[in-house]
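Okay, so here's the structure we're looking at.
The values are calculated or read from the model by the stated rules, or taken from the named source; none is laboratory data. Predicted model, so just to flag it, every value in this text is computed and none were measured. FYI the Cβ positions are ideal-geometry reconstructions off the backbone, even for glycines, and counts take in every protein chain you see. Keep in mind that these areas ignore ligands, DNA and RNA; they rest on the heavy atoms of the full protein, side chains included. Shrake-Rupley method; radii C 1.70, N 1.55, O 1.52, S 1.80 Å.
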Amino acid sequence: MDTVRAAVLPAVGAPLEVTHIRLPRPGPGQVRVRLAAAGVCHSDLSLTNGTLRQPVPAVLGHEGSGTVLSVGEGVETVAPGERVVLNWAPACGACHHCVELAEPWLCLHAGAATTVPYAESARGAQLYPGLSVAAFAEETVVPASAVLPLPDGVPLVDAALLGCAVLTGHGAVNRTALVRAGESVAVFGLG
């Protein structure tokens, strides 16, 4: 295990603590990423105050981008050195929503990694990845399905927002409101 710095939520309602954690090398089907940027989302606040449930202690942060450091056995979708954006809700590709309904954004297992410890505190306590990603750290280990290669020319700092903010807005417009080209809309309560 290697030591990296991370912002840890020790308990619901407690302030984040910047501390060292022990991060394992990636296992089968996993990817280790050195973070370049992480966005701060209202969902992170909702995790800290208990509005959204998250096992604790946890490393929060679900909007992130960075560079692949290493991959575990069986990972063929990315390679060390590739620039990636993290996906906090990767589709499993096997559940009813993914296969039968072709609605992977409603995957029943997208948040499964949230409940599995992924690292250890300096004192040996098991740590959970906030919303499956744990981007408030220097490095993280995530399932290979949670990393998406970035095209050349996309700055890593900007790419972090693709992991939640941009996709949430896109989904609201194109999947929920079903806005089509040429239509006019008004947005209330933005932010």
- Task: Report, by residue number, each residue of segment 115-136 that is over 13 Å from residue 63 (Cβ atoms) and hydrophobic (A, V, I, L, M, F, W, C).
- Result: 116, 119, 122, 125, 127
- Task: May I ask you to list the residues in segment 1-53 that are touching a strand residue (DSSP E or B) at 6+ places or on another chain (Cβ under 7 Å), among the small types (Gly, Ala, Ser) and at negative phi?
- Result: 6, 7, 36, 37, 38, 39
- Message: Please list, ordered by residue number, the strands (runs of 3 or more DSSP E) wholly in segment 33-121 having 2 or more residues that are among the small types (Gly, Ala, Ser).
- Response: 63-71, 119-121
- Query: Among the residues of segment 154-177, is any open to solvent by 50 Å² or more (accessible area, probe 1.4 Å), modelled with pLDDT of 80 or more, under 16 Å from residue 33 (Cβ atoms) and small (Gly, Ala, Ser)?
  - Reply: no
- Query: Considering segment 7-39 alone, what residues qualify as being farther than 24 Å from residue 78 by Cα and aliphatic (A, V, I, L, M)?
  - Reply: 7, 8, 9, 11, 12, 14, 16, 18, 21
- Filter segment 115-153 for residues that are hydroxyl-bearing (Ser, Thr, Tyr), under 20 Å from residue 1 (Cα atoms) and touching a Gly at 6+ places or on another chain (Cβ under 9 Å); the one that is surrounded by the most Cβ atoms within 10 Å (Cβ to Cβ) is 140
